Amino acid sequence: MSGEVIRCKAAVAWEAGKPLVIEEVEVAPPQKMEVRLKILFTSLCHTDVYFWEAKGQNPLFPRILGHEAGGIVESVGEGVTELQPGDKVLPVFTGECGECRHCKSEESNMCDLLRINTDRGTMINDGKTRFSKDGNPIYHFLGTSTFSEYTVVHSGCVAKINPDAPLDKVCVLSCGISTGMGATLNVAKPKKGMTVAVFGLGAVGLAAAEGARIAGASRIIGIDLNESRADEAKKFGVTEFVNPKDHDKPIQEVIVAMTDGGVDRSVECTGNVRAMISAFECVHDGWGVAVLVGVPSKDDEFKTLPINFLNERTLKGTFFGNYKPRTDIPGVVEKYMNKEIEVEKFITHQVGFSDINKAFDLMLKGESLRCIIQMDA
């Protein structure tokens, strides 16, 4: 089908908060520096739900959501040399052009050309969509739109992985798990025996806890308002669970008291600005490092006393766990293949593509971490 329009099934979000509809859509061939992928497995991330609900951002419909997935290259556009039909790949919501200052820096993964853009609903090359139905455009999402049997992605947003890797497992490494685990391993960098606090025990927070477990942390304190997450968190290395609602003083004071002055590292995965402040103020003076992962509301302000910095506490931010998509994600997949990391425990449900709305229901009820959606079922 190289060079031709493909007709296939896609789950289209026609309007905010309404169930997705399985439609037959047309997917145009890839243009310059683009690839067309056959998606085999995709997963639902909370970011998909957030933009489906159209809360706090510019609504854009009709749209094909989805950004955590695995598939096969079907065809490549002009100028694409590093990928070819048949390659097993993970599409990623952010990219790596390889040419800009960020891509050439060892310290950044925030590509000037391909970094995440939640408002863009078209392809960078020509400002047009590759999806249509009855001649009318359907918008893209995060440059990936994986809730479609076929999708078109910029080649810089595609990680070529081990051909033996099981896509129904490693597809979840293309977003949330790498984000949380990388925040701990690449940014917080706890040393063996250190204490780590993780704020928010959703999939990203549990991945951050998993990173702390891999690093050899002696105590991993999980903080969450949802008591039901306490037992699940133990599977990911959490040694102690704290619910802020059980205490009548700020949670940072509780943690400082628990840890003789504060934890060595903290990772915040909620996006709540109060939790961000708590995560910073609960680290030990002299060497404590706090890492912010959650995305706050655009008008939120972070307020703390300057003396907290002068007392040698460090505050860092991270994006996608500081992983470069094309360079680093294949290595994360190799860690799974070598049994250095587990992803199965993050996968709580699996549904067929025709039942994709069940995945939304499970996440909205707080019953799933990751639900795998099998495209041919």
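The values are calculated or read from the model by the stated rules, or taken from the named source; none is laboratory data. None of the values given here were measured: they were computed from a predicted structure. Don't worry about glycine lacking a Cβ; one is built from the backbone with ideal geometry, like all the others, and counts go over all protein chains shown. With ligands, DNA and RNA removed, areas are computed over all heavy atoms of the protein, side chains included. Shrake-Rupley method; radii C 1.70, N 1.55, O 1.52, S 1.80 Å.
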Assign unit charges at the C-beta atoms only (+1 for Lys and Arg, -1 for Asp and Glu), then state the dipole size of the chain relative to its Cα centre in Debye, rounded to the nearest 20.
-> 300
Counting Lys and Arg as +1 and Asp and Glu as -1 over every other residue whose Cβ sits under 14 Å from the Cβ of K189, the net charge comes to +2
Which length gain, in nm to one decimal place, applies between Q84 and D231 when the Cα-Cα distance is subtracted from 0.36 nm times their residue separation?
-> 48.5 nm
What whole number of Å gives the distance from the Cα centroid of region 2-57 to the Cα centroid of region 254-304?
-> 36
Which FRET efficiency value, to the nearest 0.05, do you get for K249 and E342 by plugging their Cβ-Cβ distance into 1/(1 + (r/R0)^6) with R0 = 51 Å?
-> 0.90
Principal axis dimensions, region 207-348 - Cα atoms, whole angstrom, descending = 44, 32, 30
Charge-dipole axis of the chain as Lys and Arg at +1 and Asp and Glu at -1 on Cβ define it, positive-most pick from T239, L315, Q31 = L315
Write down the percent of antiparallel bridges among all DSSP beta bridges whose residues are both part of region 130-285, to the nearest 5.
-> 20
Once the Cα gyration tensor of region 7-166 is diagonalised, what are the square roots of 5 times its eigenvalues, in whole Å and ordered largest first, as equivalent ellipsoid semi-axes?
-> 24, 18, 15
Heavy-atom accessible area of the chain with neighbours in place, 1.4 angstrom probe: carbon+sulfur share in percent works out to 48
Give me the accessible area per residue for region 1-96, probe 1.4 Å, as a whole number in Å².
-> 40
Rounded to the nearest whole Å², what accessible area per residue is found for region 181-302 with the 1.4 Å probe?
-> 43
Global geometry of region 1-70, whether rounded, prolate or oblate, following the gyration tensor of its Cα atoms and the 1.5 cut on a/c = prolate
Once Rh for region 199-246 is found with the Kirkwood sum over Cα pairs, what is the Stokes-Einstein diffusion coefficient at 20 °C and 1.002 mPa s, in µm²/s?
-> 207
Region 193-330 - charge dipole about Cα centre, Lys and Arg +1 at Cβ, Asp and Glu -1, debye rounded to 20 | 440
Nitroxide proxy distance, nm - points 7 Å out along Cα→Cβ at D260 and S108 | 4.1
Can you check how the C-alpha radius of gyration of the chain compares to 2.2 N^0.38 Å, as a plain ratio?
-> 0.99
Calculated on alpha-carbon atoms, Rg and Dmax of region 84-153 in Å | 13.7, 46
Around F320, with a cut-off of 10 angstrom between Cβ atoms, what is the net charge of the other residues, counting Lys and Arg +1 and Asp and Glu -1?
-> +1
Rg to Rh, two decimals, where region 34-95 supplies the alpha carbon set and Rh follows Kirkwood = 1.05
Segment D300-D168, length gained on full extension (0.36 nm per residue, minus Cα span) | 43.8 nm
Report, largest value first, the span of the C-alpha coordinates of region 120-268 along each principal axis, in whole Å.
-> 63, 37, 26
Using alpha-carbon pairs under 8 Å, 6+ residues apart, how would you state the relative contact order of region 54-156 in percent?
-> 32
Could you give log10 I(q)/I(0) at q = 0.11, 0.20 Å⁻¹ for region 286-377, computed by the Debye formula over C-alpha point scatterers of equal weight, without solvent?
-> -0.61, -1.10
When the convex hull of its Cα atoms is projected in every direction, mean area for region 122-210 (nm²) | 8.6
Divide by every residue of the chain the summed helix terms, -39500 (n - 2.57) for each DSSP H run of at least 4, and state the resulting mean residue ellipticity at 222 nm, rounded to the nearest 500 deg cm²/dmol.
-> -6000 deg cm²/dmol
Which GluC sites (Glu not before Pro) in region 142-232 pass both tests, a DSSP loop state and at most 10 other beta-carbon atoms within 10 Å?
-> none
